[in-house]
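The values are calculated or read from the model by the stated rules, or taken from the named source; none is laboratory data. What you see is a predicted model, and the numbers here were worked out from it, not measured in a lab. Note that each Cβ is placed from the backbone with ideal geometry, even for glycine, and that neighbours are counted across all protein chains shown.
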Amino acid sequence: MIKAIEEKAEKILELAKVTKVPVDVSDMSRKLDIVVKYAPSTEFSGLLYRKDGKAFMAINSKDPEVRQRFTMAHELGHFFLHPQKDTFVEFRDSGTNSPRSLKEIQANQFAAALLMPRKNLLKDIVSYQETGITDKAIQALAERYQVSEESMNYRLRNLNSIRSTH
């Protein structure tokens, strides 16, 4: 399933003609006619609501910008991977790596693949082959892709580019 999600994200990036990072998920949402609103909340990080063929997304404006970008990409994951009509999907970030529903895990995998495209990332880490991927390298890559260091670390582990102990 992970491979299928990865391929779906790559196909969407290709169709959207996205070749450079950081990926502009706001622009992607706009082009899909998804109405995006930002609102402060202590209850959710993001949500996607579909009704009568229209999609609406809410993003927690209190979250850091890198979190908002990941949340938007996560909700786009629901948009593409779980296209049921008239649905409401809420994403709460507990700040832990606790198990979530399969749909939430899939949306997170999609978000990572969308924001940190495999081809771009593998190209970028070539320069770290001699020194290895250090904390400083993860920080630099996270800044380049406009994601959290935690997200970058997780993505690199999933691509088998660093050991799980990092």
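Out of the stretch 36-69, which residues are of a type in the set (Val, Ile, Thr) and in contact with a Phe, Trp or Tyr (Cβ under 6 Å, 6 or more places away or on another chain)?
Listed by number, the list holds a single entry, ILE59.
Restricting attention to the stretch 141-155, the residues that are part of a helix (DSSP H, G or I) and within 18 Å of ALA107 (Cα to Cα) add up to 6. The set of residues from the stretch 104-136 being under 14 Å from the mean Cα position of the chain (by Cα) and among the charged types (D, E, K, R) comprises GLU104, ARG118.
Looking at LEU159, LEU114, LEU141, which one is within 18 Å of ILE2 (Cα to Cα), modelled with pLDDT of 95 or more and in contact with a Leu (Cβ under 8 Å, 6 or more places away or on another chain)? Of LEU159, LEU114, LEU141, the one residue that is within 18 Å of ILE2 (Cα to Cα), modelled with pLDDT of 95 or more and in contact with a Leu (Cβ under 8 Å, 6 or more places away or on another chain) is LEU114. Residues in the stretch 33-47: is at least one within 16 Å of TYR145 (Cβ to Cβ) and among the small types (Gly, Ala, Ser)? Checked the stretch 33-47: no residue is within 16 Å of TYR145 (Cβ to Cβ) and among the small types (Gly, Ala, Ser).
A quick yes/no check of all residues on (1) modelled with pLDDT of 90 or more; (2) over 22 Å from LYS8 (Cα atoms); (3) among the hydroxyl-bearing types (Ser, Thr, Tyr):
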site	(1), (2), (3)
PHE44	yes, yes, no
ARG50	yes, no, no
THR71	yes, no, yes
GLU75	yes, no, no
HIS78	yes, no, no
ARG118	yes, no, no
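When we screen LEU121, LEU114 for residues that are surrounded by 17 or more Cβ atoms within 10 Å (Cβ to Cβ) and touching a Phe, Trp or Tyr at 6+ places or on another chain (Cβ under 8 Å), the only hit is LEU121.
Take the residues in the stretch 124-140 that are among the hydroxyl-bearing types (Ser, Thr, Tyr) and assigned to a helix (DSSP H, G or I), then tell me which one is surrounded by the fewest Cβ atoms within 10 Å (Cβ to Cβ).
If we take residues in the stretch 124-140 being among the hydroxyl-bearing types (Ser, Thr, Tyr) and assigned to a helix (DSSP H, G or I), then SER127 is surrounded by the fewest Cβ atoms within 10 Å (Cβ to Cβ).
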